[in-house]
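Written below as structure tokens is the structure these notes are about.
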Amino acid sequence: MAAEANGNLANEKAPETVGVGRYVEMEQDGDSNTVKSRLSGLLWHGGSAYDAWFSCASNQVAQVLLTLPYSFSQLGMLSGILFQLFYGLMGSWTAYLISILYVEYRTRKEREKADFRNHVIQWFEVLDGLLGRHWRNVGLAFNCTFLLFGSVIQLIACASNIYYINDNLDKRTWTYIFGACCATTVFIPSFHNYRIWSFLGLVMTTYTAWYLAIASIIHGQVDGVKHSGPTKMVLYFTGATNILYTFGGHAVTVEIMHAMWRPQKFKAIYLLATLYVLTLTLPSAAAAYWAFGDELLTHSNALSLLPRTAFRDAAVVLMLVHQFITFGFACTPLYFVWEKLIGLHDCRSLCKRAAARLPVVVPIWFLAIVFPFFGPINSAVGSLLVSFTVYIIPALAHMITFRSATARENAVEPPPRLVGRWTGTYMINAFVVAWVLVVGFGFGGWASMTNFVHQIDTFGLFTKCYQCPPQPLPPATPLPFPGGLSNITMPFAGGLPPVAAPSPAHFLHHHRHHSHGL
């Protein structure tokens with residue numbers, strides 16, 4: 001009996017080789033039937049495939065939902081729709097590749113008896129384990145920079161949105177305020193603890209997307225509406241890279257997978273999340289562009305063109321809360337990297353980890369104040385960072401990891417027959433690398449940076465209120481006497497004789513006289 005019990009215990013502790021071990025970080029020991037533990041499990045501890053789906057869908061759409069009508073005005077209706085479908089499919093493919101590489105890495109490590117109970121696996125560690133330190137360094141640089149600016153974009157979006165409810169403060173001041181609010185995400189330990197937040201986030205973006213679509217249709221087309229896009233190559237590729245960024249939100253895919261009880265179930269989750277997101281982005285962007293046309297070229301936030309109503313205010317508030325959630329999604333992997341750097345990642349004290357994370361928020365806060373260009377910054381980040389982090393590096397990593405016959409034969413997750421097995425996968429990966437390198441990074445980088453520099457030249461760095469409507473001039477202050485000085489009564493009888501106003505020639509002579517005397 002003792003031997004059998006020991007054998008069962010050993011089997012329970014042995015890591016799974018193909019199925020990948022269960023995620024146990026942040027689980028609480030003790031009675032699982034108490035009311036507190038049940039409530040915590042309902043709202044806090046999420047590791048199911050549904051939680052992963054909510055996290056992917058919620059994180060993917062975010063504030064970029066408000067800039068897609070702006071992209072449609074740059075691309076035109078047809079190109080806008082086609083690029084959304086194309087990049088949505090391409091983004092789902094590279095997310096699938098990342099999930100395959102994660103399962104491959106974790107399975108190999110668990111065969112070596114590695115323990116990940118208090119360690120969150122990240123993308124750069126997957127690259128390190130499969131391809132070496134040079135790949136790790138490149139992946140770490142691109143991923144961290146992308147997530148840094150992804151967090152910056154959320155702060156900019158918060159200030160841009162709240163301004164349309166309360167314009168008593170300028171957008172820069174609102175950025176200060178929301179930077180402090182978003183710093184509270186340091187208290188959320190990991191993606192395992194985003195269950196209720198990711199669910200609420202998707203509900204919020206669903207409301208906002210359908211509000212944009214319905215409100216635009218009810219508003220109708222503005223007088224003299226024009227749909228002239230595309231007109232310039234710079235604008236065309238700027239809009240295309242913004243959509244590239246839209247469906248490139250899976251820089252946190254590894255962390256979301258690691259938070260799952262069964263990470264191998266992730267395979268199709270990102271594709272299903274993308275299909276749902278398309279039901280939000282296509283109707284809202286198309287309806288807003290139909291209603292306002294070229295006016296969107298100077299209004300990167302679509303909410304700015306809709307009349308203020310209770311429904312619009314509700315959309316703004318919901319997007320503000322969602323941007324707080326998305327800030328946490330983008331910043332949490334940076335927290336992990338920083339914790340690992342300073343040696344606190346395995347610390348069990350939540351307060352110590354939260355205090356150690358605070359320095360990560362400071363540069364994000366600063367950059368959001370320096371570059372408050374809502375809309376153009378999405379395209380710049382998409383072309384220069386998302387193109388490599390989300391598309392090129394995963395496709396190349398998959399090709400190189402399984403380049404040998406031995407690696408393909410021993411692969412934990414071989415490609416499905418639907419895509420042509422290994423040959424078809426290699427061809428798709430090669431196409432992704434070539435397309436994104438030329439169109440996304442090449443043309444897109446040129447266009448987005450040209451537009452970005454134009455914003456700096458037009459508005460300047462540290463601008464107080466980017467794309468705010470001009471403030472009316474204050475009314476002239478009237479003189480304190482009715483009719484001016486001519487009606488003043490002097491204290492002596494008869495007053496003073498009227499004095500003729502000096503002529504312009506007198507002023508000119510006086511100016512010349514004193515100028516020569518200097």
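The values are calculated or read from the model by the stated rules, or taken from the named source; none is laboratory data. Every value quoted in this text rests on a predicted model; they were computed, and no experiment measured them. Methodologically, a virtual Cβ is constructed for each residue, glycine included, from the backbone with ideal geometry; neighbour enumeration extends over all protein chains shown. All accessible areas refer to the heavy atoms of the entire protein, side chains included, with ligands and DNA or RNA removed. Shrake-Rupley method; radii C 1.70, N 1.55, O 1.52, S 1.80 Å.
Odds and ends about this structure:
- With respect to the conditions (1) open to solvent by 20 Å² or more (accessible area, probe 1.4 Å); (2) more than 30 Å from Thr401 (Cβ to Cβ), Cys182 falls short on a single one, namely (1).
- Residues of the stretch 196-215 that are open to solvent by 60 Å² or more (accessible area, probe 1.4 Å) and over 19 Å from the mean Cα position of the chain (by Cα): Trp210, Ile214.
- Residue match in the stretch 318-330 (condition: farther than 30 Å from Asn137 by Cα and either basic (Lys, Arg) or buried (at least 23 other Cβ atoms within 10 Å of the Cβ) (or both)): yes
- Search result, residues across the stretch 216-254 that are of a type in the set (Val, Ile, Thr) and buried (at least 21 other Cβ atoms within 10 Å of the Cβ): Thr238, Thr241, Ile243, Thr246, Val252, Thr253, Val254
- Filtered residues of the stretch 112-132 (kept if at pLDDT 90 or above and of a type outside the set (Val, Ile, Thr)): Gln122, Trp123, Phe124, Glu125, Leu127, Asp128, Gly129, Leu130, Leu131, Gly132
- Residue match in the stretch 160-180 (condition: within 30 Å of Gly129 (Cα to Cα), hydroxyl-bearing (Ser, Thr, Tyr) and under 15 Å from the mean Cα position of the chain (by Cα)): no
- Which listed residue, of Trp435, Trp365, is under 24 Å from Leu244 (Cβ atoms), open to solvent by 50 Å² or more (accessible area, probe 1.4 Å) and not aliphatic (A, V, I, L, M): Trp435
- Residues that are open to solvent by less than 40 Å² (accessible area, probe 1.4 Å) and of a type in the set (Gly, Ala, Ser) within the stretch 283-310 comprise Ser284, Ala285, Ala286, Ala287, Ala288, Ala291, Gly293, Ser300, Ala302, Ser304, listed in sequence order.
- Inside the stretch 174-197, residues that are farther than 15 Å from His322 by Cβ, assigned to a helix (DSSP H, G or I) and in contact (Cβ under 8 Å) with a residue 40 or more places away in the chain make up a count of 10.
- Residues of the stretch 97-122 satisfying the condition of being within 30 Å of Leu367 (Cβ to Cβ) and open to solvent by 10 Å² or more (accessible area, probe 1.4 Å): His119
- Note on the stretch 385-414: residues that are open to solvent by 20 Å² or more (accessible area, probe 1.4 Å), over 20 Å from the mean Cα position of the chain (by Cα) and closer than 24 Å to Ala141 by Cβ total 4.
- Residue, modelled with the highest pLDDT, within the stretch 368-380, restricted to residues that are under 11 Å from Ser448 (Cβ atoms) and assigned to a helix (DSSP H, G or I): Ala380
- Checking Gln264 against (1) polar (S, T, N, Q); (2) open to solvent by less than 10 Å² (accessible area, probe 1.4 Å); (3) over 19 Å from the mean Cα position of the chain (by Cα), the condition it does not meet: (2)
- Set Gly150, Gly139: member being at pLDDT 90 or above, part of a helix (DSSP H, G or I), open to solvent by less than 30 Å² (accessible area, probe 1.4 Å) and closer than 30 Å to Lys352 by Cβ: Gly139
- Scanning the stretch 344-357 for residues that are under 16 Å from Pro333 (Cβ atoms) and either charged (D, E, K, R) or loosely packed, with under 15 Cβ neighbours inside 10 Å (or both) turns up Arg353, Arg357.
- Residue within the stretch 139-152 that is in contact (Cβ under 8 Å) with a residue 12 or more places away in the chain, of a type outside the set (A, V, I, L, M, F, W, C) and more than 20 Å from Val360 (Cα to Cα) present: no
- All conditions but one from (1) under 30 Å from Phe187 (Cα atoms); (2) modelled with pLDDT under 90 apply to Ser383; the one that does not is (1).
- Residue match in the stretch 389-403 (condition: assigned to a loop (DSSP other than H, G, I, E, B) and within 19 Å of Trp135 (Cβ to Cβ)): yes
- Among the residues of the stretch 90-123, those that are free of Cβ contacts under 8 Å to residues at least 24 places away in the same chain and either part of a helix (DSSP H, G or I) or within 14 Å of Val254 (Cα to Cα) (or both) comprise Arg108, Lys109.
- Total residues in the stretch 66-86 satisfying the condition of being in a helix (DSSP H, G or I) and either free of Cβ contacts under 8 Å to residues at least 12 places away in the same chain or surrounded by fewer than 24 Cβ atoms within 10 Å (Cβ to Cβ) (or both): the figure is 8.
- For the stretch 197-238, the set of residues classified as touching a Phe, Trp or Tyr at 6+ places or on another chain (Cβ under 8 Å) and among the polar types (S, T, N, Q) consists of Ser198, Ser216, Gln221, listed by residue number.
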